[in-house]
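Structure first, commentary second.
The values are calculated or read from the model by the stated rules, or taken from the named source; none is laboratory data. Just so it is clear, the structure is predicted and the values come from calculations on it, not from any experiment. Reconstructed Cβ throughout: ideal geometry from the backbone, glycine too, with neighbour counts over all protein chains shown.
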Amino acid sequence: MSDKDKPVEILLAEDNPGDVMLAKKALEQGKLANNLHVTTDGVDALSFLRQEGEYADAPRPDLILLDLNMPRKDGQDVLKELKDDDDLCRIPVVVLTSSESEEDIAKSYELNANAYLTKPVNFDGFIEIVNRLENFWFKVVKLPEE
């Protein structure tokens, strides 16, 4: 199987089960083969990325979808640690959150988020956003190799 045929590895760091379900369904309906991995708090997200503990065999994600409001370690703390890590800093991070706060938007970009999206409130909106994300990050953008 060539690299082009390999499924895209996506890490979704999200603590809301309803939003996880929406994202899974939206990604299933997308045109891109993908493997979705879910962590429900910031500590587990960083463990997944660093391949620690139960995540020792976790794949390196091609894209991270990061909620800001998570238990144990919030998304902005995760983003800061991720972007400060020389091994992980090049993984694209899309903040996908319910917050429309200008402060959250500005802070996320200061911490080097690659994009900031407000979660759609309905399934059709989620599908549209996921399709656009897939198209942009995996068909339009040229990303560096690991």
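Quick check on this structure: which one of ASP74, ASP57 is more than 24 Å from GLU134 (Cβ to Cβ) and modelled with pLDDT of 95 or more?
Details: ASP74 fails: modelled with pLDDT of 95 or more.
Selected residue: ASP57, the only one of ASP74, ASP57 that is more than 24 Å from GLU134 (Cβ to Cβ) and modelled with pLDDT of 95 or more.
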Find the residue count for segment 99-129, including only residues that are assigned to a loop (DSSP other than H, G, I, E, B) and more than 16 Å from ILE64 (Cα to Cα). 6
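Can you tell me which residue in segment 73-124 is surrounded by the most Cβ atoms within 10 Å (Cβ to Cβ), limited to those that are among the hydrophobic types (A, V, I, L, M, F, W, C) and farther than 20 Å from THR39 by Cβ?
Within segment 73-124, the first condition is being among the hydrophobic types (A, V, I, L, M, F, W, C), and the residues that meet it are 78-79, 82, 88-89, 91, 93-96, 105-106, 111, 113, 115, 117, 121, 123.
Now narrow it down to the ones that are farther than 20 Å from THR39 by Cβ: 105-106, 121, 123.
Numbers: ILE105: 16, ALA106: 11, VAL121: 10, PHE123: 13.
Across segment 73-124, the extreme among qualifying residues is ILE105.
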For segment 17-69, which positions are closer than 22 Å to ASN112 by Cβ, out of contact with any His (no Cβ under 8 Å at 6 or more places or on another chain), in contact (Cβ under 8 Å) with a residue 40 or more places away in the chain and not basic (Lys, Arg)? LEU49, ASP62, LEU63, ILE64, LEU65, LEU66, ASP67, LEU68, ASN69
Among the residues of segment 32-52, which ones are surrounded by fewer than 18 Cβ atoms within 10 Å (Cβ to Cβ), at pLDDT 95 or above and more than 12 Å from the chain's Cα centre (by Cα)? VAL43, SER47, ARG50, GLN51, GLU52
In the list GLY30, GLY18, GLY75, which residue meets the criterion of being over 25 Å from VAL140 (Cα atoms) and touching a helix residue (DSSP H, G or I) at 6+ places or on another chain (Cβ under 9 Å)? GLY75
